[in-house]
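For reference, the structure discussed in these notes is given below.
The values are calculated or read from the model by the stated rules, or taken from the named source; none is laboratory data. Remember, it's a predicted structure, so these values are computed and weren't measured experimentally. FYI the Cβ positions are ideal-geometry reconstructions off the backbone, even for glycines, and counts take in every protein chain you see.
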Amino acid sequence: MNDGRKTILFIAGEASGDTLGAELIAAIREQPGGDDIELIGAGGPKMEAAGLQPEFDLSEHAVVGIWEVLKNYTKFRRLFQQLVNLATKHEPDAIVLIDYPGFNLRFARAIRKYQMQGGGAFKEWQPKIISYVSPQLWAWKEGRVKQIAADFDLVLSIFPFEKKWYADRVPEFAVEFVGHPLVDRFPQAGPADQAPPSNPDLFTEHPEVLLLPGSRRREIEKHLPVMLEAVVIIAAKQKIRLRMVLPNEEMLALAKRHIPTGTEINLQIGDLSQALGQAALAIASSGTVTMECAWFRVPTVVLYKTSAPTYAIGKLVVKVPHLAMPNLLAGEELFPEFIQSQASPEHLAKAGLRLLQDKTERNRILDGLDQVATQLGEPGAAPRAAQAILATLK
């Protein structure tokens, strides 16, 4: 139980969530009274640097897919219980769950069950439970919306259509569109009518192709070999330069094992914005990085490969026509998508060559990306999110 000082518990389980959390913590600190709030929980190195008192680095344990989670069930159960114990010990005033829905939705449910069973000092602990980034119920489990409304007090959305989606199904539920953090992170890369494109002349003799295989071990093992085979095919028909961005030293070391001897490729850790600013084409794992490609107006070929059990389950539950968020926002396939067996070197190379060589198709995509960018709201996403969180504490 706390000593009267306000406490917020954060949970972020992936690199992208760690970045979101760090921006949010910085914004909370800048609000009136923000310096007096105790910040505890689990995140990554960026959140710790911003001021989080971490129980452990949950982002170190990120995996992809239902099958992969099941194989690590014992570990995740232990980490989960450790955080439940942290919450019930400190009784924070608010719990902010950042993306990572497989873990965080269960965490919110566990806290609500604890309350209903009479937990908490004098049975009075009533934390505000907040989701920063809406779980993508509209894509896979619409039926869970009423449970979400029961378990959470507030959802902070970064995509504009989500507010109406919830309002149509649970009108009384609090959902706020705060804007997308990309608008603040990279203001120089906005829509063409706001700023000049960061890309150089895309039809130079040696365009740069950027490989973005993912941020987790499984993604790199599944995606990088097929990407490398695809660029061999592309390079046979057009001279290109290659660059790859990895999130950390561990993933860089893993990537190097897959790169054939003699392959000329610039490898870098982080600084994705600099790489996107020079890229004529990206080949990327489906995920949050596709929004960064869209924001920087880089035509992108998207792929996703996972284990057979995870794919089979995904086919049953995913209800949207596209996997990449820029395509969903556009309402059409701006970025060619290749999933599972369709993600072959030949398919990736054919799509990549078209995006490099067909100027009409490139212009169609760039126009569509401008429209996507205009949907992401005004600058100030993190401060708006911080204000909404602090308002629940009053």
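Brief remarks follow.
- Here residue 192 clears all of (1) among the aliphatic types (A, V, I, L, M); (2) at pLDDT below 90; (3) touching a Pro at 6+ places or on another chain (Cβ under 8 Å) except the condition numbered (3).
- One residue alone among 168, 99 is in the same structural domain as residue 43 (by TED's automatic domain parsing), over 22 Å from the mean Cα position of the chain (by Cα) and within 27 Å of residue 381 (Cβ to Cβ), and that residue is 168.
- Residues that are assigned to a strand (DSSP E or B) and touching a Leu at 6+ places or on another chain (Cβ under 6 Å), drawn from region 96-112: 98
- Of the helices (runs of 4 or more DSSP H) lying entirely inside region 235-307, those containing at least 1 residues that are in the same structural domain as residue 352 (by TED's automatic domain parsing) and more than 22 Å from the chain's Cα centre (by Cα) span 249-258, 272-278.
- Long-range neighbours under 7 Å by Cβ, at least six apart or interchain, first residue more than 25 Å from residue 153 (Cα to Cα) and at pLDDT 90 or above within region 66-93, second aromatic (Phe, Trp, Tyr) and surrounded by 12 or more Cβ atoms within 10 Å (Cβ to Cβ): none
- Residues located in region 148-164, provided they are without any contact (Cβ under 8 Å) to a residue 40 or more places away in the chain and either buried (at least 18 other Cβ atoms within 10 Å of the Cβ) or among the polar types (S, T, N, Q) (or both): 149, 155, 157, 162
Here's the yes/no breakdown for (1) in a loop (DSSP other than H, G, I, E, B); (2) among the charged types (D, E, K, R); (3) farther than 19 Å from residue 376 by Cα:
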| position | (1), (2), (3) |
| --- | --- |
| 114 | no, no, yes |
| 134 | yes, no, no |
| 155 | no, no, no |
| 163 | no, yes, no |
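- Filtered residue count, region 215-270, keeping only those that are free of Cβ contacts under 8 Å to residues at least 60 places away in the same chain and of a type in the set (Asp, Glu): 4
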